[in-house]
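The values are calculated or read from the model by the stated rules, or taken from the named source; none is laboratory data. Keep in mind that this is a model prediction, so the values were computed, not measured. Note that we place each Cβ from the backbone using ideal geometry, even for glycine, and neighbour counts take in every protein chain shown.
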Amino acid sequence: MEIHVELKTDSKMFCACKNELGLDRVPNTNICPICTGQPGTLPTANEKAIEFVVRVGLALNCQIARFSKFDRKNYFYPDLPKGYQISQYDQPICRDGKLEIGNGRVIRITRIHLEEDTGKLIHQKGTDFSLVDFNRSGVPLMELVTEPDIQSAEEAKKFCEELQLILRYLGISDADMEKGQMRCEANVSISKDGGKKGTKVEVKNLNSFRSVEKAIDFEIKRQTEILEEGKEVLQETRGWDESKMMTFSQREKESAHDYRYFPEPDLPPLELSEAYVEKIENALSELPAQKRKRFPKEYGISKTDAEILARDKSLAEFFENSLSEARALYRENDQKLAKLNANYIISELKKYLSEDKKISDLKLTAENFGELMSIVAQGKINSSAAQMVLAEMIRTGADPEHIIEEKNLTQISDESEIENIVKAVISRNPEPVADYKKGKQNALQFLVGQVMKETKGKVNPQVAREMIKNILDNQL
């Protein structure tokens, strides 16, 4: 896999123009003489972009080069204003890393290097020309290349998904594939005998995880059929047609010598001190794989729940912060409280979240959510009431105690009061009572429902069930 990631820096890679990825801007307004390749201009490397690449390199167990340099990659394309791209060739910042994708499978990472993005071509329907928008030109771009360790389309998809999650945890990119912030290219080769590697074909234009999986599956099938017919696979670059679900030929693949790489004369080499790298390493946040292992061990929640929470860094942080508040208010059975907290986040709170609406966008705070969990754990309100309270907390941002008091949702806990209500329900429903005494268990559930209706859900249904059962059993 070759994966390009646009970095979330404030400015572009070699100039002071704002890096405003994902914003709908007027074409060619966020540009300057440097990022449009005007004669006589000199680039200056973005220090934050270098730090970001070191950060991801450390997270992926890479060797960080103490000496690195930039190179010119020469080729002509309409959206490349200088006629060359400033990139890195033989001395990248990161080498020899690895990423585990589950089931003990480890994918080795060959290199991670830093370069600049190109502009964007706009093809207008009904015209015989294209327009060029240079707003994206010069945006910091990280490229990651793996070893040929990936053995299936499913593994490729898993690798890309895990990498995206790590990038988001590190805060170096939103890595939104639909917005072009993370772009995946698959190099697929099939071997006849499983020994010598076959001819490599690069597949571009993969802008979703689904496309990654489908395109690789198609290419494996296509190349296999060619080899089975006794023909040779052509080394080329192919595109992916999402509508037809097939790859198509674009051009014969260039080799490194076609780009005429040579050291970038306008930029000094990079020398990264041990102290610099160590400082970045010490500041690394906990990664998703570490959370998946820690949560079940520390909190007693299931591996499945830990996996769901770890998929979103803000959700995982919300879980821990709200649990801390809940524990402070309710100290009994911590493990049960953690499971309750995780369950409500996954089954109830996630209903209010989407791709466009994150937990930070809600009026709900982790402290208020933790308070709600402590109230539920203490049996002050039932599950149905808790859902009502949560909805109101999200709508208004109010604390749970205020909402419970305002809506009179406090659960009835006085046993004598509950017993009087139960006896009244029993006396008003002789037929279900008779059915229960004949052994029909559904009648018991009907009576519980009548108690809940009578109390507007303010009695614990399990308490009501046990009390009805005890009274009726004593009458047998």
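Go through the stretch 202-236 and give me each residue that's part of a strand (DSSP E or B) and under 21 Å from Val5 (Cα atoms).
Passing the criteria: Glu202, Val203, Lys204, Asn205, Leu206.
Please enumerate the residues belonging to the stretch 90-105 that are on the phi < 0 side of the Ramachandran plot and part of a strand (DSSP E or B).
Within the stretch 90-105, Cys94, Arg95, Gly97, Lys98, Leu99, Glu100 qualify.
Can you tell me how many residues in the stretch 392-417 are closer than 22 Å to Pro461 by Cβ, surrounded by fewer than 18 Cβ atoms within 10 Å (Cβ to Cβ) and among the hydrophobic types (A, V, I, L, M, F, W, C)?
Counting residues in the stretch 392-417 that are closer than 22 Å to Pro461 by Cβ, surrounded by fewer than 18 Cβ atoms within 10 Å (Cβ to Cβ) and among the hydrophobic types (A, V, I, L, M, F, W, C) gives 1.
Residues checked against (1) in contact with a Lys or Arg (Cβ under 8 Å, 6 or more places away or on another chain); (2) not charged (D, E, K, R):
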| position | (1), (2) |
| --- | --- |
| Tyr330 | no, yes |
| Asn343 | no, yes |
| Ser360 | no, yes |
| Thr365 | no, yes |
| Met373 | no, yes |
| Gln378 | no, yes |
| Ser383 | no, yes |
| Thr396 | yes, yes |
| Glu401 | no, no |
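Suppose we keep only residues that are over 16 Å from Arg72 (Cα atoms) and touching a Pro at 6+ places or on another chain (Cβ under 9 Å) within the stretch 40-49. Which one would you say is modelled with the lowest pLDDT? Break it down into steps so the answer makes sense when it comes.
Applying the first criterion (over 16 Å from Arg72 (Cα atoms)) to the stretch 40-49 yields 40, 46-49.
Keeping just the survivors that are touching a Pro at 6+ places or on another chain (Cβ under 9 Å) gives 40, 46, 48-49.
On the way: Gly40: 92, Asn46: 97, Lys48: 97, Ala49: 97.
Looking at residues that are over 16 Å from Arg72 (Cα atoms) and touching a Pro at 6+ places or on another chain (Cβ under 9 Å), I get Gly40.
Only residues that are touching a Ser or Thr at 6+ places or on another chain (Cβ under 9 Å) and among the basic types (Lys, Arg): list them for the stretch 279-325, please.
Across the stretch 279-325, the qualifying residue is only Lys313.
So for the stretch 277-286 (the condition being within 30 Å of Phe67 (Cα to Cα) and among the hydroxyl-bearing types (Ser, Thr, Tyr)), does at least one residue qualify?
yes
Run Arg331 past the list (1) crowded, with 20+ Cβ neighbours inside 10 Å; (2) outside any helix (DSSP H, G or I) and report the number of the one that doesn't hold.
Just one mismatch for Arg331, condition (1).
Looking at Lys73, Lys8, Lys69 in this structure, which one is out of contact with any Cys (no Cβ under 9 Å at 6 or more places or on another chain), surrounded by 16 or more Cβ atoms within 10 Å (Cβ to Cβ) and closer than 23 Å to Phe159 by Cα?
Lys8
Report, by residue number, each residue of the stretch 375-391 that is within 29 Å of the chain's Cα centre (by Cα) and surrounded by 18 or more Cβ atoms within 10 Å (Cβ to Cβ).
Ala386, Val389, Leu390
Can you name the number of the only condition in (1) touching a residue at least 12 places away in the same chain (Cβ under 8 Å); (2) farther than 23 Å from Gly171 by Cβ that Pro296 fails?
(1)
So, restricting to helices (runs of 4 or more DSSP H) that lie completely within the stretch 383-468, which ones have at least 2 residues that are among the hydroxyl-bearing types (Ser, Thr, Tyr) and free of Cβ contacts under 8 Å to residues at least 40 places away in the same chain?
So the answer is 383-396, 415-428.
Could you give every pair whose Cβ atoms fall below 9 Å, whose first residue belongs to the stretch 274-293 and is at negative phi, and whose second residue is hydroxyl-bearing (Ser, Thr, Tyr) and surrounded by 13 or more Cβ atoms within 10 Å (Cβ to Cβ), counting only separations of at least 6 or pairs across chains?
Correct list of pairs: Ser285/Tyr169; Glu286/Tyr169; Leu287/Tyr169; Pro288/Tyr169; Lys291/Tyr169.
When residues of the stretch 184-194 are filtered for being within 17 Å of Ile150 (Cβ to Cβ) and out of contact with any Pro (no Cβ under 8 Å at 6 or more places or on another chain), how many remain?
Count: 7.
Yes or no, residue by residue, for (1) in a strand (DSSP E or B); (2) assigned by TED's automatic domain parsing to the domain that holds Asn61; (3) within 22 Å of Lys179 (Cβ to Cβ):
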residue: Ile122; (1), (2), (3): yes, yes, yes
residue: Gly126; (1), (2), (3): no, yes, no
residue: Asn135; (1), (2), (3): no, yes, yes
residue: Glu154; (1), (2), (3): no, yes, no
residue: Leu163; (1), (2), (3): no, yes, yes
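Do we find that Gly397 is at pLDDT below 95, within 22 Å of Glu332 (Cβ to Cβ), of a type outside the set (D, E, K, R) and in the same structural domain as Glu317 (by TED's automatic domain parsing) in this structure? So that I can check it myself, show each step before the final result.
On the way: at pLDDT below 95: yes; within 22 Å of Glu332 (Cβ to Cβ): no; of a type outside the set (D, E, K, R): yes; in the same structural domain as Glu317 (by TED's automatic domain parsing): yes.
Judged against the criteria, Gly397 is not a match.
Condition (residue is within 21 Å of Ser302 (Cβ to Cβ), without any contact (Cβ under 8 Å) to a residue 40 or more places away in the chain and under 19 Å from the mean Cα position of the chain (by Cα)) applied to the stretch 354-369: is it met by at least one residue?
no
Here is a yes/no grid of residues against (1) out of contact with any helix residue (DSSP H, G or I) (no Cβ under 9 Å at 6 or more places or on another chain); (2) closer than 28 Å to Lys453 by Cα:
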{"site": "Asn343", "(1), (2)": "no, yes"}
{"site": "Lys351", "(1), (2)": "yes, yes"}
{"site": "Leu362", "(1), (2)": "no, no"}
{"site": "Gly370", "(1), (2)": "no, no"}
{"site": "Ala386", "(1), (2)": "no, yes"}
{"site": "Ala391", "(1), (2)": "no, yes"}
{"site": "Ile426", "(1), (2)": "no, yes"}
{"site": "Asn429", "(1), (2)": "no, yes"}
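Where in the stretch 1-89 are there strands (runs of 3 or more DSSP E), lying wholly inside it, with at least 3 residues that are under 25 Å from Leu163 (Cβ atoms) and touching a residue at least 12 places away in the same chain (Cβ under 8 Å)?
Working: elements: 2-6, 71-74, 84-87.
The strands (runs of 3 or more DSSP E) meeting that bar are 2-6, 84-87.
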